[in-house]
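The values are calculated or read from the model by the stated rules, or taken from the named source; none is laboratory data. Here the structure is a predicted model, which is why all the values come from computation and not from measurement. Cβ placement follows ideal geometry from the backbone for every residue including glycine, while neighbour counts extend to all protein chains displayed.
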Amino acid sequence: MNPPGVVHPAAQDEPFYSVAEAALVLGVSPSTVWRWIDAGKLPAYRVGPKNIRIRRGDLHATIRPARTGAEEVSTMATEQLDRTPPTAAELARRHALVQEILELRKQLVISPLTSADLVRKVRQEERRSYGKPRA
């Protein structure tokens, strides 16, 4: 904010927005605009004792690309590093894990059972548990 009594030179040339209008223009909530003002990320000007206004230029200056060219190059370099072929030891480790998973799947297969078979199996287990003495 400007010090008291200091009028910004562009005040006559450029339109000002209220906090609510600025929020609508940027597609954010008014509380977000207030946080940006409080954090010093968005310049704001006091008009009278209670009114806060934001210059259009300052408002549009908050809009910037999410990524710059350098960041895109950095991201591409990282992706290329991730695409290096695995070593023979890594391939062997992965193959062993796949075999282990496939063996475990064979032990846990329930696909030949129908839902009626599963219900019957649960009922049988319940009947067996009724005959056992409680601890």
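Going through the range 26-50 one residue at a time, which ones are among the β-branched types (Val, Ile, Thr) and modelled with pLDDT under 90?
Residue satisfying the conditions is Val47 alone.
For residues in the range 48-66 being within 15 Å of Ser18 (Cβ to Cβ) and within 30 Å of the chain's Cα centre (by Cα), which is surrounded by the most Cβ atoms within 10 Å (Cβ to Cβ)?
Ile54
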